[in-house]
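Heads up: the structure comes next, in C-alpha cells.
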Protein chains: 2
Amino acid sequence: MSLTNASPADAAQAAKSASHILQTLPASARNDALTLIHDGLAAAKDDILAANARDLDLARQAAADGRLSQSLVSRLDLGKKGKWEDMLKGILDVRDLEDPVGRVTLRTLLDDGLELERVTCPIGVLLIIFEARPEVIANIASLAVKSGNAAILKGGKESTESFVAISRVISQALERSQVPNAAIQLVTTRDVIPELLALDRYIDLVIPRGSNDLVRYIKSNTKIPVLGHADGLCSIYVEASADVTKAVDVIVDAKTSYPAACNALETILIQESALGTIFPKVAGALFGKGVELRCDARSKAALEQALPDIGAIVVDAQDSDYDTEFLALIVAVKVVSGLDEAILHINTHGSHHTDAVVTEDKENAERFMAAVDSAGVYWNASTRFADGMRYGFGTEVGISTNKIHSRGPVGLEGLMIYKYKIRGGGHVTAVYGEGEGRKRFKHERLL
Amino acid sequence: MSLTNASPADAAQAAKSASHILQTLPASARNDALTLIHDGLAAAKDDILAANARDLDLARQAAADGRLSQSLVSRLDLGKKGKWEDMLKGILDVRDLEDPVGRVTLRTLLDDGLELERVTCPIGVLLIIFEARPEVIANIASLAVKSGNAAILKGGKESTESFVAISRVISQALERSQVPNAAIQLVTTRDVIPELLALDRYIDLVIPRGSNDLVRYIKSNTKIPVLGHADGLCSIYVEASADVTKAVDVIVDAKTSYPAACNALETILIQESALGTIFPKVAGALFGKGVELRCDARSKAALEQALPDIGAIVVDAQDSDYDTEFLALIVAVKVVSGLDEAILHINTHGSHHTDAVVTEDKENAERFMAAVDSAGVYWNASTRFADGMRYGFGTEVGISTNKIHSRGPVGLEGLMIYKYKIRGGGHVTAVYGEGEGRKRFKHERLL
C-alpha cells in the first residue's frame, strides 16, 4: 500500500500497472499477503490506537463546537469493545473464503481441438470512497487483495491519522509479499475526488460508501461505472391473509432494529381488508417501540376505530412521505386494494433495494417476488436481512441497486468479471459457415 | 411495438411500465410473441421489401451524389440473397434458445425455514441505437422479448421506410400476444438521442451498435450504463516456438477474412528470435493477400534480408500505427523480446477486445491468457472467433469491452441481471448475532 501524495493520475496509473501483476498471482500469494497484513496490524495495535486517539480528540472538539455529529465521533472509535478484534478477524475471514479468481463458468467445445472457456477474473482498479470509520480500510483492502483487484482508497478526513497509521502497516506487509505495493493506495490529499472521477482510463469501478448525497454526486460526475445505492426506501406489503405474529415480528424488526440502515423499513402497505384485523396489532407494536406512524386517511380512521386511545397520535401522511427514506423511527402507511396496487406502488415509489410481502398465500408471494423490481424481494422475512454477512458472503463492499453487474449485497463475486479463453490448434474462422463444403460448429457444452 | 411519435420521455415511461408486465410473463408467452412476429413478417414480405426498395432508391441517389458510401447502400438491401430468410430464421433461433429468465444461480439455507435464492431476471428497459441495416430491428426485438426486456429502438435514418414497415408488423403481432405493445418501441423522430440519453430514470442500459464515434459520443453523454465497445484493436503475438502453418493460417484469417470487423487483426507482435524463421512466411502470405505491412526497423530489416524482392514495399511504421484500428488490409508489425513485452504492449496499446498468442509452449500460452486484460484471449486461434454465433450464443446484441457486467460477445445471458429472493416464516434479524443466546446463521449452500 502506498500512502500517496502523488497526483491522482500517477496514483491511478500505478494502480493499473500493479493490477496487471496482481491479477496473475496465485491464490496462495494473495492469501499470504492477507496473513502478513493481519499480523502486521496485530503487532502495531498500540501505535494505531494512539493515532486513532488523536483523530478522536479532534472529532470530540468538533462535536463540542457542533461541527460534527456525536454518532460520527462514536463510529471513529477503534478502541470500542470488540471493534479492533472484529477488524482483525475480518481479514482472516476474507482470506479463508473460496478463491473467486479463475473459476470456469462456461466451457464449450466449438470444434475438434477448439475450446471456449469463460473464466472469472478481477475487474482491475477499484476506486473506493468511504466515510470515516477507520476499520473499513482494512476490510476493503482485504477484499481487494483477495479478489485480485487494485484499489485506490479515499477515506473521510476525520479518520486521517488512523488511516495513515493503518496504511503504513499494510504497506510494510505488502513489501514482504508478492502483491505490488501500488496495488493498494491511500489517497490522503484533499479535494482529489473530482480528479479521480475523471480517470476512466485507469479506474474501472467506483464504489462509494457514504451518504446519499455523496453517492448522487459521484454518479453525476463520472463516466466510470458506479456500484452502490443512493436511496434505501424499503417497503413491506401486508396482505389480509398474513399471519399476525409474523407481520408484527417482521415489521418491528425491519423498522426498529437499526432505523438508520439502508435496509430499514420506510413504508408499510396494508391491504384494505386487513385494516381492522392485522393493522391495529402492527401499529400497536410499533407505537410500543416509539415509532411515529404517518398514515393516509383510511389507515388513520381504522386506527381511531380499533385503538381509540392512541389513534390521536397518528400523523397525517403527506404525498412526499411515500418517497422519503426517514432513517429514523418514522414509517409511512398506505392502504392498497391488493397485490397489484402494492406492486405498482413499490415499483414507482421504492428505491429497488429490498421489499417484502407478509402473506400466507404462496401464489401471491411468488407473484410479488417476480413482479417487484428490486435487488431483494422477500416473503415473510425482515428487509434487514439484506446484508452480505447475513447472506453468507462473509463480508460486503456495499449494497447495490444497480440493474447491471451486481445487485444487492456485493461480496467477492461482485468484484469479479470474466474473460473468454479459446484454445485452438491454428483454427481459423473463414472455413465455418452454412454453404457447401463449409465446416459447422459443434457447440458442445462441456460445463 | 409502438411506432412512436410520442416524446422520448413518454416513450421511455411507457416502456418502463411495459417492462414490469413483460418480466412476469412465462416463457411460453414470450415465445408465442416471437412466433407471431415471425409469421407476421413472413406474410408481409412484399410490403416490407417495397418499403426497403424506397429506402434503397434514396440511398442510391445519395451515393451517386457522394453523400453516402456504396458499402452502406449494400448493407441496406433486404432483398440480397439469403438476407430475408436469415432474418426470419434468426427470430425462430432466438425463440428456441433456453429461457434465460428465472434461472436459480444460488440457493442458501440461511436458517431453518429461511431460504435465500438468487434468480436471473430482466434488466428492464434497453435503449438500442443502431446503424442502418434494417434486419437488425427484428434481431434486436427478438432478443429483447426473449430476455423479458423492454426496448426502445433508434435506427439509422437511411432505413426509415424499412423500419416503419417492419415495426408495423411487429406491432400487429404483439397486439395478438401477451407482450405489451409498448414493450418494443421504434423512435423515428430525428435528433432525439440526447433526450433519450438523459432518461436514466426509465432506461437501464444503452447498447450502441455503430461507429466508434457514435459509441464514444454516447459514453460521454449519459449517466446510463453503456454496453459495447468503441475500438477493436486486436493483436496477435507470435512466439519463436510457434508452428509456422498455424501462425500463417491464424494471422491471414484474422487480418483478411473481414478486415472491417472489430475482431480483425491490427497489430502483429513478433518475437525477435522468430524474425528470420516464422515472420517471412507470415509476411509473404499477407503480401499475397494484398495486405500492407507497417513495420518497425527491425522487422523491416528482417524482411529485406529474407525476402529481398518484396522487402522494399514494406511501409515504415509510425508510433501511431500501434494505436490505430485500420479496419482495412493494413497491419502494424512490432518486434518484441518475448512474452512480457508482448503482454505489456497489448495491455497498454490494445482495446481489451480480443488478443491471441501463437505458440507451441503451453505454459507461455496460459501466462498470456492470464495476463492479457482483454475480453477474449486466444491460443492458436484467430481473433475473428469473437462473435456470439461462433461462441454458440445463437446471436448477439454486440461485443462488449466493458469491465463490468458483460464482456465479449453479449447474448441473452448478458441481457440479464439477478434478484435475491428470501422465503421465511416471519424471520427477523435482531435475534442473530455473536453474543450469548443469539442465533447463528446456517449458511448452508443448497445450489
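In the range B:204-223, which residue that is aliphatic (A, V, I, L, M) and more than 10 Å from every other protein chain (Cβ to nearest Cβ) is farthest from B:Pro122 (Cα to Cα)? Explain how you work it out, then say what you get.
Quick first cut of the range B:204-223, residues aliphatic (A, V, I, L, M) only: B:205-207, B:214-215, B:218.
Cutting the leftovers down to more than 10 Å from every other protein chain (Cβ to nearest Cβ) gives us B:206-207, B:214-215, B:218.
Numbers: B:Val206: 14, B:Ile207: 15, B:Leu214: 26, B:Val215: 23, B:Ile218: 23 Å.
My answer is B:Leu214.
Which of the following residues is open to solvent by less than 50 Å² (accessible area, probe 1.4 Å) and in contact (Cβ under 8 Å) with a residue 40 or more places away in the chain: B:Ala285, B:Ala254, B:Ala260, B:Ala240?
B:Ala254
Taking the stated definitions as given, is A:Ser147 open to solvent by less than 10 Å² (accessible area, probe 1.4 Å) and either farther than 20 Å from A:Leu25 by Cβ or not assigned by TED's automatic domain parsing to the domain that holds A:Ala14 (or both)?
So A:Ser147 does not fit the description; no.
Take the conditions open to solvent by 10 Å² or more (accessible area, probe 1.4 Å), at negative phi and within 13 Å of chain A (Cβ to nearest Cβ) and apply them to B:Lys362. Does it pass? Step through it out loud before you land on a result.
Working: open to solvent by 10 Å² or more (accessible area, probe 1.4 Å): yes; at negative phi: yes; within 13 Å of chain A (Cβ to nearest Cβ): yes.
So B:Lys362 fits the description; yes.
B:Ile310 is checked against (1) at pLDDT below 95; (2) surrounded by 17 or more Cβ atoms within 10 Å (Cβ to Cβ) and fails just one. What number does that condition carry?
Condition (2) is where B:Ile310 drops out.
Looking at the range B:420-433, is at least one residue more than 8 Å from chain A (Cβ to nearest Cβ), surrounded by 20 or more Cβ atoms within 10 Å (Cβ to Cβ), under 30 Å from the mean Cα position of the chain (by Cα) and not in a loop (DSSP other than H, G, I, E, B)? Give the steps one after another, and end with the answer.
Restricting attention to the range B:420-433, the residues satisfying the condition of being more than 8 Å from chain A (Cβ to nearest Cβ) are B:431, B:433.
From what is left, the residues that are surrounded by 20 or more Cβ atoms within 10 Å (Cβ to Cβ) are none.
Checked the range B:420-433: no residue is more than 8 Å from chain A (Cβ to nearest Cβ), surrounded by 20 or more Cβ atoms within 10 Å (Cβ to Cβ), under 30 Å from the mean Cα position of the chain (by Cα) and not in a loop (DSSP other than H, G, I, E, B).
Would it be correct to say that B:Val357 is at the interface with another protein chain (Cβ under 7 Å from one of its Cβ atoms), of a type outside the set (Lys, Arg) and either open to solvent by less than 10 Å² (accessible area, probe 1.4 Å) or outside any loop (DSSP other than H, G, I, E, B) (or both)?
Spelling it out, it is not the case that B:Val357 is at the interface with another protein chain (Cβ under 7 Å from one of its Cβ atoms), of a type outside the set (Lys, Arg) and either open to solvent by less than 10 Å² (accessible area, probe 1.4 Å) or outside any loop (DSSP other than H, G, I, E, B) (or both).
Return yes when A:Leu199 is in a helix (DSSP H, G or I) and either open to solvent by 10 Å² or more (accessible area, probe 1.4 Å) or touching a residue at least 40 places away in the same chain (Cβ under 8 Å) (or both) and no when it is not.
Answer is no for this residue.
Residues B:Asn347, B:Asn380: which one is out of contact with any Phe, Trp or Tyr (no Cβ under 7 Å at 6 or more places or on another chain), in contact (Cβ under 8 Å) with a residue 24 or more places away in the chain, open to solvent by less than 10 Å² (accessible area, probe 1.4 Å) and not in a loop (DSSP other than H, G, I, E, B)?
Checking each option against the conditions leaves just B:Asn380.
Scanning the range A:72-108 for residues that are touching a residue at least 60 places away in the same chain (Cβ under 8 Å) and over 29 Å from A:Asp32 (Cβ atoms), which turns out most open to solvent (accessible area, probe 1.4 Å)?
Selected residue: A:Arg107.
Condition check ((1) surrounded by fewer than 18 Cβ atoms within 10 Å (Cβ to Cβ); (2) among the aromatic types (Phe, Trp, Tyr); (3) at pLDDT 95 or above; (4) in contact with a His (Cβ under 8 Å, 6 or more places away or on another chain)) across all residues:
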site: A:Met1; (1), (2), (3), (4): no, no, no, no
site: A:Thr4; (1), (2), (3), (4): no, no, no, no
site: A:Ser7; (1), (2), (3), (4): yes, no, no, no
site: A:Ala11; (1), (2), (3), (4): no, no, no, no
site: A:Gln23; (1), (2), (3), (4): no, no, no, no
site: A:Ser28; (1), (2), (3), (4): yes, no, yes, no
site: A:Ala43; (1), (2), (3), (4): yes, no, yes, no
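Which condition from (1) touching a Leu at 6+ places or on another chain (Cβ under 8 Å); (2) open to solvent by 10 Å² or more (accessible area, probe 1.4 Å); (3) assigned to a strand (DSSP E or B) is the one that A:Thr120 breaks?
Tallying (1) touching a Leu at 6+ places or on another chain (Cβ under 8 Å); (2) open to solvent by 10 Å² or more (accessible area, probe 1.4 Å); (3) assigned to a strand (DSSP E or B), A:Thr120 fails exactly one: (1).
Quick one: is B:Ser177 surrounded by 20 or more Cβ atoms within 10 Å (Cβ to Cβ), part of a strand (DSSP E or B) and at pLDDT 95 or above?
Details: surrounded by 20 or more Cβ atoms within 10 Å (Cβ to Cβ): yes; part of a strand (DSSP E or B): no; at pLDDT 95 or above: yes.
So B:Ser177 fails the test.
Would you check which residues across the range A:180-196 are closer than 20 Å to A:Val226 by Cβ and either assigned to a strand (DSSP E or B) or open to solvent by less than 30 Å² (accessible area, probe 1.4 Å) (or both) and list them?
Correct list: A:Gln185, A:Val187, A:Val192, A:Leu196.
In the range A:315-322, is there at least one residue being open to solvent by less than 10 Å² (accessible area, probe 1.4 Å) and among the β-branched types (Val, Ile, Thr)?
No, that holds for no residue.
Identify, by number, the condition in (1) within 22 Å of B:Gly148 (Cα to Cα); (2) aromatic (Phe, Trp, Tyr); (3) more than 7 Å from chain A (Cβ to nearest Cβ) that B:Phe368 doesn't meet.
Evaluating B:Phe368 over (1) within 22 Å of B:Gly148 (Cα to Cα); (2) aromatic (Phe, Trp, Tyr); (3) more than 7 Å from chain A (Cβ to nearest Cβ) leaves (1) as the failure.
Which of the residues that make up the range B:384-412 are on the phi < 0 side of the Ramachandran plot and more than 9 Å from chain A (Cβ to nearest Cβ)?
B:Gly388, B:Phe393, B:Thr395, B:Glu396, B:Val397, B:Ile399, B:Ser400, B:Thr401, B:Val410, B:Gly411, B:Leu412, listed by residue number.
Return the residue satisfying two criteria in turn: it lies in the range A:264-273 and is open to solvent by less than 10 Å² (accessible area, probe 1.4 Å) and assigned to a strand (DSSP E or B), and of such residues it is nearest to the other protein chains (Cβ to nearest Cβ).
A:Leu265
Suppose the filter is part of a loop (DSSP other than H, G, I, E, B), open to solvent by less than 50 Å² (accessible area, probe 1.4 Å) and under 22 Å from A:Ala371 (Cβ atoms); does A:Gly228 pass it?
no
Of all residues in the range B:241-263 being in a loop (DSSP other than H, G, I, E, B) and among the aliphatic types (A, V, I, L, M), which is farthest from the other protein chains (Cβ to nearest Cβ)? It would help to see each step written out before you state the result.
We begin by selecting, within the range B:241-263, every residue in a loop (DSSP other than H, G, I, E, B); these are B:241-243, B:257-263.
In the following step, the residues that additionally are among the aliphatic types (A, V, I, L, M) were identified as B:242, B:260-261.
Numbers: B:Ala242: 9, B:Ala260: 14, B:Ala261: 10 Å.
Of everything passing the filter in the range B:241-263, B:Ala260 is farthest from the other protein chains (Cβ to nearest Cβ).
The values are calculated or read from the model by the stated rules, or taken from the named source; none is laboratory data. Not measured: the values here are computed from a predicted model. Cβ coordinates were reconstructed from backbone atoms using ideal geometry, including for glycine residues, and neighbour counts include every protein chain displayed. Just so you know, the surface numbers come from the protein's heavy atoms only, side chains and all, with ligands and any DNA or RNA stripped out. Shrake-Rupley method; radii C 1.70, N 1.55, O 1.52, S 1.80 Å.
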